[in-house]
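Participant: Take this structure, written in structure tokens, and hold onto it; I'll ask about it next.
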Amino acid sequence: MSLYALRLRLPDRPGALGSVASRIGSVGADVVSIDVIERLGASVVDRVLVELVEDTLLDLLVREICQVDDVVLEHLAKAEHNVVDRATEGLRVAGALATAATTADRLAALCSGAKRLLDAAGVIVAGTERGDVLASTATGDDAPVYETTCGELRVIVHRATPLHSVEIEMLDLLVALALVAPEGCG
């Protein structure tokens with residue numbers, strides 16, 4: 001069994017998500033979690049984590065989902081991390097930032113945590129003054145889609161699709177926490 005993270009844009013109307021879930025079930029896949037990423041007027045972007053019995057059914061899964069009226073598959077990727085509940089995962093990352101023994105540990109926790117939370121290919125943390133890479137999970141697979149600077153840190157997210165406003169806010173909060181967390185709290 002394999003996990004896949006899907007980002008779907010669908011109408012914000014009763015029954016739309018139920019129709020998608022029904023199509024997912026029709027190919028023998030299981031919805032593991034649903035996370036609302038952003039509401040945009042008459043539409044919504046959801047992250048749906050799906051467990052697929054066989055990878056050979058992936059094309060059929062995509063065709064079935066795209067049969068639902070006004071549903072757009074923004075992104076599909078094999079889920080490296082089983083982040084079922086992003087709120088809980090966000091707290092885990094915040095805890096890792098707060099209890100890191102050293103600055104290097106804290107920046108590594110920021111990189112790995114942001115990568116999981118944002119379904120990113122990689123995250124780079126660099127210094128703003130000289131641009132030195134301080135921590136990285138980037139592999140070069142996807143182009144940078146978002147960059148933020150806070151204090152003396154520059155954080156670059158690599159992913160196939162742009163970040164949504166909720167994801168940007170989440171990242172900015174984690175970066176701010178990484179800057180204020182004292183060393184040696186763990």
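Participant: Within the set of pairs 6+ apart or on separate chains, which have a first residue in the stretch 164-186 that is closer than 24 Å to Thr102 by Cβ and among the β-branched types (Val, Ile, Thr), a second that is surrounded by 13 or more Cβ atoms within 10 Å (Cβ to Cβ) and modelled with pLDDT of 90 or more, and C-beta atoms under 9 Å apart?
Facilitator: Taking only residues 6 or more apart or on different chains, the pairs are Val175/Leu110; Val175/Ala114; Val175/Val125; Val175/Val155.
Participant: Give the residue that is nearest to the chain's Cα centre (by Cα), with candidates limited to residues of the stretch 44-100 that are under 15 Å from Ile34 (Cα atoms) and part of a helix (DSSP H, G or I).
Facilitator: Arg86
Participant: Can you find even one residue in the stretch 93-103 that is loosely packed, with under 13 Cβ neighbours inside 10 Å and without any contact (Cβ under 8 Å) to a residue 24 or more places away in the chain?
Facilitator: No, the conditions are met nowhere in the stretch 93-103.
Participant: Please go through (1) surrounded by 13 or more Cβ atoms within 10 Å (Cβ to Cβ); (2) free of Cβ contacts under 8 Å to residues at least 60 places away in the same chain; (3) out of contact with any Ser or Thr (no Cβ under 8 Å at 6 or more places or on another chain) for Val68 and return the number of the only condition it doesn't satisfy.
Facilitator: (3)
Participant: Suppose we keep only residues that are at pLDDT 85 or above and either in contact with a Gly (Cβ under 8 Å, 6 or more places away or on another chain) or not assigned by TED's automatic domain parsing to the domain that holds Leu110 (or both) within the stretch 139-156. Which one would you say is nearest to Leu107 (Cα to Cα)?
Facilitator: Leu153
The values are calculated or read from the model by the stated rules, or taken from the named source; none is laboratory data. The shown structure was predicted, so the numbers you read here are calculated from the model rather than taken from an experiment. Methodologically, a virtual Cβ is constructed for each residue, glycine included, from the backbone with ideal geometry; neighbour enumeration extends over all protein chains shown.
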